[in-house]
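Here the structure is laid out as structure tokens; the discussion comes afterwards.
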Amino acid sequence: MLSDKEIIHRFQLKPTDKILDVGGSMRQHLEIKVDTLVDIIRPEEAPYGPTELLAKNFVRLDITRQRLPFKDNEFDFCLCSHTLEDLISPFLVLEEMARTAKRGLIVTPSFGSDIVFSHLNFTDWLTGARRIPGQAHHKWLFYKQGRKIRIIPKNFSILYTSNFQVAQWSGAEEFVYYWEGKIEYEKGNDLNIHKLIDEYDGYIKAHRLKIKKGRALFYIDSPFYFLREFAKLLLKKGEGFKYRKNF
């Protein structure tokens, strides 16, 4: 994962820069001085690890439906990390970030990393016992096509078919997109399922040296993972049990 120090150094952030963070309440930037954090929840309300607000200002907003309440080019830099893939529609906020900031950085899981099938995990409860491709709550996949971000729906029914059972990905874990002035993006076709299948297939073929396929359907996994998960259930260990204590 791209660290704050790497972001500061790589993109030459200055202490005087006015920085906007969009969607960062779940994982605040500890070493970047954020002026304004925009999210639908405050960091103190984050369900999987609440923290105190570090930014100077907080604005509660539904970024899928509401425009950012800022002037054009009000911010020097905009951060949006591991947020867009979660949204029902990320397109309004893409336009708004480009309008309100001079430049910025978008980070999401890489296409390849977000289609790798999980191992069985009986005690997670974010995914359940069934093996899934990537994160179950993610709705979009991202990759770069020329100068543009290509954004396509994450269709689980396609990913469960035999052609797309990815067991291992050796490429980058994150998709990183730096922009200045304008965010160039293109939405993939989700009305024609066959075109979407072709696009998935094209990505896998283009990255075949970084992808290892394997049988990953439903509840089938190696005996090691079955034994580990039954032991976790017996001992009441695992992420699900940990998070249940917060409620």
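The values are calculated or read from the model by the stated rules, or taken from the named source; none is laboratory data. Everything quoted here is computed from the prediction, not taken from an experiment. Here the Cβ is made from the backbone with ideal geometry for all residues, glycine too, and neighbour counts use every protein chain on show.
Over 19 Å from Glu85 (Cα atoms), under 23 Å from the mean Cα position of the chain (by Cα) and at pLDDT 85 or above - does that describe any residue in the stretch 172-179? Among the residues of the stretch 172-179, not one is over 19 Å from Glu85 (Cα atoms), under 23 Å from the mean Cα position of the chain (by Cα) and at pLDDT 85 or above, which makes the answer no. Would you kindly identify the strands (runs of 3 or more DSSP E) lying entirely within the stretch 93-190 that contain at least 3 residues that are on the phi < 0 side of the Ramachandran plot and of a type in the set (Ser, Thr, Tyr)? Of the strands (runs of 3 or more DSSP E) lying wholly inside the stretch 93-190, none has at least 3 residues that are on the phi < 0 side of the Ramachandran plot and of a type in the set (Ser, Thr, Tyr). Examine the stretch 7-19 for a residue that is acidic (Asp, Glu), in contact (Cβ under 8 Å) with a residue 12 or more places away in the chain and loosely packed, with under 14 Cβ neighbours inside 10 Å, and state whether such a residue exists. No; the residues of the stretch 7-19 include none that is acidic (Asp, Glu), in contact (Cβ under 8 Å) with a residue 12 or more places away in the chain and loosely packed, with under 14 Cβ neighbours inside 10 Å. In the stretch 40-52 there is no residue matching the filter, namely being in contact (Cβ under 8 Å) with a residue 24 or more places away in the chain and crowded, with 21+ Cβ neighbours inside 10 Å. Please work out which one of (1) at pLDDT 95 or above; (2) in contact with a helix residue (DSSP H, G or I) (Cβ under 6 Å, 6 or more places away or on another chain); (3) more than 22 Å from Glu45 (Cβ to Cβ) is the condition Asp114 fails and give its number. The single condition Asp114 does not satisfy is (2). Being more than 25 Å from Ser3 (Cα to Cα), assigned to a loop (DSSP other than H, G, I, E, B) and in contact with an Asp or Glu (Cβ under 9 Å, 6 or more places away or on another chain), is that true of even one residue in the stretch 80-89? The answer is no, given that none of the residues of the stretch 80-89 is more than 25 Å from Ser3 (Cα to Cα), assigned to a loop (DSSP other than H, G, I, E, B) and in contact with an Asp or Glu (Cβ under 9 Å, 6 or more places away or on another chain). Checked against (1) closer than 25 Å to Ile211 by Cα; (2) surrounded by fewer than 18 Cβ atoms within 10 Å (Cβ to Cβ); (3) of a type in the set (Lys, Arg), Lys102 passes all but a single condition, namely (1). Of the set (1) at pLDDT 90 or above; (2) part of a helix (DSSP H, G or I), all apply to Leu227 but (1). In the stretch 10-20, the count of residues that are in a strand (DSSP E or B) and not aromatic (Phe, Trp, Tyr) is one or more.
Only one of the numbered conditions (1) closer than 18 Å to Gly24 by Cβ; (2) touching a residue at least 24 places away in the same chain (Cβ under 8 Å) is not met by Pro69, and that is (2).
Taking the stretch 27-59 as the range and being within 16 Å of Ile106 (Cα to Cα) and not in a strand (DSSP E or B) as the test, the residues that pass are Arg27, Gln28, His29, Ile32, Val34. Restricting attention to the stretch 1-29, the residues that are farther than 27 Å from Thr64 by Cβ and among the hydrophobic types (A, V, I, L, M, F, W, C) total 2.
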